[in-house]
Every structure is written in structure tokens, then in C-alpha cells.
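The next block holds one structure in the form of C-alpha cells; read it before the comments.
Every read-out reported here was derived from the displayed coordinates using simple, explicitly stated rules and does not represent laboratory data. Remember, it's a predicted structure, so these values are computed and weren't measured experimentally. No Cβ is skipped: glycine too gets one built from the backbone with ideal geometry, and neighbour counts run over all protein chains shown.
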Amino acid sequence: VASPAYTELEVAMMDWLGKLLDLPEEFLNCSEGPGGGVIQGSASETTFVALLAAKEKSVRDIRKFHPELSEAEIKGKLVAYSSNQSNSSVEKAGLLGSMPMRLLPSDEKGQLRGETLLEAIQKDKEQGLIPCYVVANLGTTPTCSFDKLEELGPICQKENIWLHVDAAYAGTAFSCPEYRYLMKGVEYAHSFNFNPHKWMLVNFDCSAMWVKDAKYLVEAFNVERIYLQDQHKGLAPEYRHWQISLGRRFRALKLWFVLRIYGVEGIQKHVRGQIALAKHFEDLVRADPRFEVCSSNMGLVCFRLRGDDGLTVTLLEKILERKNIYVIAGHFQNYHVIRFAICSRLTEKKHIDYAWNEFCSQANEIVGINKYETKAEKKLPTIQIDNARCQKITDNEKSK
């Protein structure tokens, strides 16, 4: 009621974004159902908001059938699950929400599978605990792996568990139809989140969150006071009930600017271009026998020096000391890796080659010079052609 235009623009932008990613219609504000979208500050905040909503929903659902249980008794038994590859903010959400967060082992590809989740749920239920909340990752932080939503979803549906999808970085890629297969099973989710401020050219902070049924957010966060009452109930979403804070920033405006300036095709070109740059870097790494690629997804390549982890640690230390490029460490299948991420809209092929030369120059000092030429280092000799002296080449000369 304090700013109808603000609310209207946010409603419209969340529908534009949802259609850009081809989310199920029930997540959109324009659908006939109770779902809709809201802009939060970050994926960390969104994961926590969804956990609190799931917590209140579980308490209400259980007390319908077991009124003898107190709210405190129920909350003391709730438990949440995610992959051990999930962002640190997922574990933090469990701490802040007073709900144990089980970090389940991922498979050899860094994915959380259905059988792993089901086993953990069954163990907890045998101990009298109540499974409440699952965070599935579409683009894990260490390697940008994608959990198997089509396996996790039916389990959550059967067990009446809130399924939240964290696609903070990789969600932008779903603007391209060729990558939407990676979110197969998203129809099972209760909430979905990605950050336009990570890969979609929007300034921080802007985190897009959709829910299938907004009433669970309202029931978790609605605290009425006489000074908040008005005569316009039901005309538009009251976003103060969809978040922790009362006040809100005008995040929808910068989202509108980016969508209007770039359009669908512009955003798709940006994503495809950066994935192509990552592939170029991956090819450079694979061409050098001193290195190995551990994983390569979207705009993220994780690689290491072959041999003891200490070699990769030393390489990273030297790179950071030089301060010409910035990369960070990660772990993949118990190996120490370097994460090379392409994020800036200004990045070009020449920057990738420059970065690779940085790695090669320091690797030369650690493990010696590569005996084999890489694509970046290989130089073709200059060829001078004198048209006047060109002659017909015989078949014998061709074979030579």
C-alpha cells in the first residue's frame, strides 16, 4: 500500500523471469493458483526463508493429526537434508533455524541421488525424528554439479517434505532451452531460487524466489499491528509477509533495466558465450599433460596439477601472490582443485589465454616446462607466398 507501482513492477518482473527460465506455471504470479515470485537479497536469505516456512508448515500439518503434541515437541524433532556439495549458507540456515542439516554424500559426479536421501530419511524416522526440509542444488558451489531432482522430488512428495531448489549461479543458464533438461523434476519443488546478480548481469543484490503456495510464507512471517492495517487486502501480494524484514528495496527496477536492455536473446548470447570461453580454457588444460580437468560445468572449470595435492596448493599460492588473476580452491573427490570461473560480461578469449599463461608460467617453476606444445603456446611459422612462382603441385608432391 505504501508503493503500489513498486509492487506491480516486482510482480511483473518475477513473471518475466519465470517465463525466461520456463518454470512451471504454478510458480508464476500470473497463474490462477496461490504461487508467485518475490525478490530477496541473496540465496542465503532465501534458503533460510524457505526453511522457516517449511518448519511452520510441518508443525501445522502434524498438529492436525497429533494435537496432543506441543509445538516445541514437534520442532525439536524436525530435521533437514542437503548435499555435502551445497553452499555453506545451507548449513547456516539449519543453524539459524534450529534444525539439524544432514549433509549427505554425493556421488562420483558431485550429485545428490534419491537412494541416498531415502536412506537418510528412513534412519531418522526410525529414531523418531521428523524429516522436514530438503535443499537440492542445481549447480553446486564446488563444481557446479546438478542434483537429481527427478529422483529427489517423488521422495519428498511421498514423505510430505518441503523441497527447495537452490540454483543460485546456474539458474541463469535455464534461459537457454538446451540446458533446461538439467532441472528435470522441478515440478516437485515447493520453492525455487536463483540469483540474477550472479550470472545474469544484474547488480547485487537481487535473488529471485518462487513458491508454489505463498500462504506458507505468509503464515510463517505475518505479524499484524494496527499501524500496518489498510483497506486493500487481496489486491496484490503483500511482500512484507514473504520475507524476514518489514522494509524492502526497489530491486525490481534494476531487473527491469537488464531485461529491457539485453532481452531474451541477449541474455542467452551472454550465457552461451561464457560457456564457450570455459570450454576453451578446458581444452587448454587438457592439452597440457601436467594438468588434469576434474570437472567442467557451465562457466566453471575445476582442475589440478597431476600428482600430490601439495603441487596444486603451491600453484594456487603462487598465482595469488602474483595478483594478476584471482581464483579460489575447492575439493572434488578428496582432491585439492583450483576453481576457474568466468563471470564478467567483459571477459574475452584473450583474457582466458592470459590466465592460462599465468598458470603455465608458475607450473614451469613447480614441475618443469611442458615438453609438449599447448594450443595457446603453439606458434605457426610465417609463410611467404610469391604468386608468380606458384606452380602446379603433382600428386607425388602432395603425398610428401
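Here are some notes:
- Among LYS350, LYS77, LYS184: highest mean-square fluctuation, GNM of the chain, C-alpha pairs under 10 Å: LYS350
- Angle of helix 251-286 to the longest C-alpha principal axis of the chain, folded into 0 to 90 degrees and rounded to 10: 40°.
- Choice from ASP166, ASP147, ASP308 with maximal GNM fluctuation in the chain (Cα, 10 Å cutoff): ASP308
- Selection from ASN297, PHE250, GLN274 lying farthest towards where the dipole of the range 217-323 points positive, charges on Cβ: PHE250
- Take 54-65, 188-199, 338-349 and order them by the average number of nearby Cβ atoms within 10 Å per residue, most first; the result is 188-199, 54-65, 338-349.
- Helix 114-126 vs. the chain, principal-axis angle (Cα, 0 to 90°, nearest 10): 30 degrees
- Using alpha-carbon coordinates, inclination of helix 4-21 to the longest axis of the chain, degrees: 50 degrees
- Angstrom value of the Kirkwood radius, inverse mean 1/r, which spans all Cα pairs in the chain: 23.6 Å
- Relative protection proxy for 202-210, 88-96, from highest mean packing down: 202-210, 88-96 (other beta-carbon atoms within 10 angstrom).
- Exceeding the 30 Å Cα-Cα cut-off - candidates LYS75/LYS109; LYS75/LYS215; LYS212/LYS233: LYS75/LYS109
- Pair-distance profile P(r), taking every C-alpha pair of the range 56-187, with 10 angstrom steps and integer %: 12, 43, 32, 11, 2, 0
- Dipole magnitude for the chain: computed about the Cα centre from +1 point charges on Lys and Arg Cβ and -1 point charges on Asp and Glu Cβ, it is near 1000 debye.
- Take every pair of alpha-carbon atoms less than 8 Å apart whose residues are at least six positions apart; their mean separation over the length of the range 1-136 yields a relative contact order of 21 percent.
- Listed by chain and number, the aspartates and glutamates placed with their C-alpha closer than 16 angstrom to that of LYS19 are GLU10, GLU32, GLU178, GLU187, GLU265; residues fewer than eight positions away on the same chain are left out.
- Under the criterion of Cα pairs below 8 Å and six or more residues apart, the relative contact order for the range 30-99 equals 41 percent.
- Its relative contact order, with pairs defined as Cα atoms under 8 Å and 6+ residues apart, puts the range 4-249 at 23 percent.
- Extreme residue, positive dipole direction of the chain, given options LEU95, VAL285, TYR188 (C-beta unit charges): VAL285
- Think of it as helices only: each DSSP H run of n ≥ 4 in the chain is worth -39500 (n - 2.57), and spread over all residues that comes to -13000 deg cm²/dmol at 222 nm.
- Considering only beta bridges that DSSP places wholly inside the chain, some 60 percent are antiparallel.
- Computed Rg/Rh of the range 264-373, alpha carbon atoms with Kirkwood Rh: 0.97
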